[in-house]
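In what follows, a single structure is set out as structure tokens and then discussed.
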Amino acid sequence: PRVCVVGSGPAGFYTAQHILKHHGGALVDIYEKLPVPFGLVRFGVAPDHPEVKNVINTFTQTAHSERCTYHGNVTVGRDVTVPELQQAYHAVVLSYGAEDNRVLGIPGENLPGVYTARAFVGWYNGLPENRDLKPDLSCETALILGHGNVALDIARILLSPLQLLRKTDITDSSLAALACSKVKRVWLVGRRGPLQVAFTIKELREMINLPGARAILDPADFTGLESAIKDAPRPRKRLTELMIKTALEKPVGMQAAAAGAAAPREWGLKFQRSPQEVLPSADGRRARGIRMALTCLEGSGDSAKAIPTGDVEDLECGLVLSSIGYRSLPLDPAVPFDSQRGVIPNSSGRVEGVPGLYCSGWVKRGPTGVIITTMNDSFDTAQSVLEDLQGGVLDISPSREGFGFVENILRSRGVRPVSFSDWEKIDAAEVARGKAAGKPREKIVDPEEMLRIIGH
């Protein structure tokens, strides 16, 4: 059987890995729109979390299997359609992730000084489409909307001492911009309360221990929570206890400040505030703050809803980053898509109403969870493919040409795919440039330059 996987992030690679491991004869082709593989492992994971990127070694092993082939620089839906892939393969798995972001839907959202978390993370991680972002870091206060791990990542990058970032694979241009940054205070604002934050304890602890930055948590926000978390699941309990402990501690930075040292950088959590509008500066040319509706919670736990109380509060800030979630987009008119939920309707990864078509990762279940969540989810989809192969749901008697068929289509449309060994040349160039600067790698951010390196 010939199987095609669209997308070379964790979902794509884990799906391919599982199929190759449990079916001795399957041939898997992975398609990726960028010349370079690995999706959010390369472009989403924070530069100061190198250990999370170790899964790249596993993915590279999969790509080196003689039954697996990588075709980069191919945009499915434009260079080749999904129905064309279905003609070439017995099974097609869509694992292309979430390449858009949810919008706030409030006035002033498009003012200069307002950025999505997705674009900002893409900028410091070298995602080609965000390389020209040039965020304005000339203000003292930044405000991040959202209480997830991505929000904490951004706060940490904004406040980290430069010597910590210099040793990472953060891009050269973003490092230069951060070196000139005036930001010294970051607020992370959420619509709900401390019991609903989506970040995890590891990320929170890292933020609390960040050198040269102090946490500002208001003890009043945590009144009565000790009793409320008695029966909560252990991760939620430990996370809340850490916030309470941090709120009650006297900041260490105070003695230094009293001794006349420069005021430290600081960050804090604000709860039960929902953005109503971004406030423009006097000349209307940029953001100067954000108007928040104060909320009260209805219900409890994860299902609690934030209801506006009618009161508002203005927060001054020159930089607004909205970290309220990524969003998948429809890929091809031939593929059903639930635009309300931003997913492909499916059951166990089988796309509803289209036999032989599957999905895995964020486009299957929505943009939540960490790499391990995506791994399990992709194994689940791969298992569906294997069951359908074994149960005769997928007819493999007609032979399919696989890439041979697709290659003719791409050639006729002037598209030149990039192989995995091409990627390894780009990889070697990045590592060599990084070595010169004492970094693990210096990412190449321009796809044209990537293609030049491999002589395309």
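The values are calculated or read from the model by the stated rules, or taken from the named source; none is laboratory data. In this text the structure is predicted, and so the values were computed from the model without any measurement. Every residue, glycine as well, gets a Cβ built from its backbone with ideal geometry; the counts of neighbours run over all protein chains shown. With ligands, DNA and RNA removed, areas are computed over all heavy atoms of the protein, side chains included. Shrake-Rupley method; radii C 1.70, N 1.55, O 1.52, S 1.80 Å.
Criterion first (under 19 Å from the mean Cα position of the chain (by Cα) and either at pLDDT below 95 or farther than 20 Å from Glu241 by Cα (or both)) does Leu145 satisfy it?
In short, yes.
Give me a count of the residues in the range 242-264 that are farther than 16 Å from Ala220 by Cβ, at pLDDT 95 or above and of a type in the set (Val, Ile, Thr).
0
Looking only at residues in the range 327-354 that are open to solvent by 30 Å² or more (accessible area, probe 1.4 Å) and not in a loop (DSSP other than H, G, I, E, B), which one is farthest from Arg291 (Cα to Cα)?
Of everything passing the filter in the range 327-354, Arg350 is farthest from Arg291 (Cα to Cα).
Do we have any residue at all in the range 159-170 that's under 30 Å from Leu195 (Cα atoms), of a type outside the set (Phe, Trp, Tyr) and either touching a helix residue (DSSP H, G or I) at 6+ places or on another chain (Cβ under 6 Å) or outside the structural domain of Lys184 (by the TED database) (or both)?
No.
Got a sec? Which of Val370, Val406 is among the β-branched types (Val, Ile, Thr) and surrounded by 19 or more Cβ atoms within 10 Å (Cβ to Cβ)?
Result of the check over Val370, Val406: Val406.
In the range 141-179, what residues are within 19 Å of Ser322 (Cβ to Cβ) and acidic (Asp, Glu)?
Asp153
Please state which of the following conditions Glu430 fails to meet, knowing it meets all the rest: (1) in contact with a Gly (Cβ under 8 Å, 6 or more places away or on another chain); (2) acidic (Asp, Glu); (3) closer than 18 Å to Phe59 by Cβ.
Of the numbered conditions (1) in contact with a Gly (Cβ under 8 Å, 6 or more places away or on another chain); (2) acidic (Asp, Glu); (3) closer than 18 Å to Phe59 by Cβ, the odd one out for Glu430 is (1).
Name the single residue, out of those in the range 393-403 being surrounded by 11 or more Cβ atoms within 10 Å (Cβ to Cβ) and not acidic (Asp, Glu), that is modelled with the lowest pLDDT.
Ile396
List every residue pair whose Cβ atoms sit under 9 Å apart, with the two residues 6 or more apart in sequence or on different chains, where the first one lies in the range 133-147 and is without any contact (Cβ under 8 Å) to a residue 60 or more places away in the chain and assigned by the TED database to the domain that holds Asp314 and the second, anywhere, is polar (S, T, N, Q) and buried (at least 20 other Cβ atoms within 10 Å of the Cβ).
Taking only residues 6 or more apart or on different chains, the pairs are Leu133/Ser174.
Any residue at all in the range 274-282 that's in contact with a Ser or Thr (Cβ under 7 Å, 6 or more places away or on another chain) and modelled with pLDDT of 85 or more?
Taking every residue of the range 274-282 in turn, at least one turns out to be in contact with a Ser or Thr (Cβ under 7 Å, 6 or more places away or on another chain) and modelled with pLDDT of 85 or more.
Which residues, counting only those in the range 292-326, are surrounded by fewer than 18 Cβ atoms within 10 Å (Cβ to Cβ) and in contact with an Asp or Glu (Cβ under 6 Å, 6 or more places away or on another chain)?
Passing the criteria: Leu294, Lys305, Ile307.
Looking at (1) assigned to a helix (DSSP H, G or I); (2) at pLDDT below 95, which one does Ser378 not meet, given that it meets all the others?
Here Ser378 meets the rest and fails (2).
Can you find even one residue in the range 167-178 that is closer than 18 Å to Leu269 by Cβ and open to solvent by less than 50 Å² (accessible area, probe 1.4 Å)?
no
Condition (residue is at negative phi and in contact with a Lys or Arg (Cβ under 7 Å, 6 or more places away or on another chain)) applied to the range 386-393: is it met by at least one residue?
For the range 386-393, residues at negative phi and in contact with a Lys or Arg (Cβ under 7 Å, 6 or more places away or on another chain): absent.
Those residues that are open to solvent by 70 Å² or more (accessible area, probe 1.4 Å) and more than 20 Å from Lys184 (Cα to Cα), I need them from the range 242-251; list them, please.
Residues satisfying the conditions are Lys245, Leu248, Glu249.
Among the residues of the range 189-241, what is the count of those that are modelled with pLDDT of 95 or more and open to solvent by less than 30 Å² (accessible area, probe 1.4 Å)?
Within the range 189-241, residues that are modelled with pLDDT of 95 or more and open to solvent by less than 30 Å² (accessible area, probe 1.4 Å) number 17.
So, restricting to helices (runs of 4 or more DSSP H) that lie completely within the range 31-144, which ones have at least 3 residues that are touching a helix residue (DSSP H, G or I) at 6+ places or on another chain (Cβ under 6 Å) and under 23 Å from Asn346 (Cβ atoms)?
none
State yes or no: is Ala287 surrounded by 17 or more Cβ atoms within 10 Å (Cβ to Cβ) and outside the structural domain of Gly39 (by the TED database)?
Here the answer is yes, as Ala287 does meet what is asked.
For the range 355-362, check the following and say yes or no: at least one residue is among the small types (Gly, Ala, Ser), closer than 13 Å to Ala11 by Cβ, open to solvent by less than 20 Å² (accessible area, probe 1.4 Å) and part of a loop (DSSP other than H, G, I, E, B).
Yes; the residues of the range 355-362 include at least one that is among the small types (Gly, Ala, Ser), closer than 13 Å to Ala11 by Cβ, open to solvent by less than 20 Å² (accessible area, probe 1.4 Å) and part of a loop (DSSP other than H, G, I, E, B).
Could you look through the range 104-141, keep only residues that are within 19 Å of the chain's Cα centre (by Cα) and among the aliphatic types (A, V, I, L, M), and pick out the one that is surrounded by the most Cβ atoms within 10 Å (Cβ to Cβ)?
Restricting to residues being within 19 Å of the chain's Cα centre (by Cα) and among the aliphatic types (A, V, I, L, M), the top hit is Val121.
With Arg452, Arg400 as the choices, which residue is assigned to a helix (DSSP H, G or I) and of a type in the set (Lys, Arg)?
Going through Arg452, Arg400 in turn, just one is assigned to a helix (DSSP H, G or I) and of a type in the set (Lys, Arg): Arg452.
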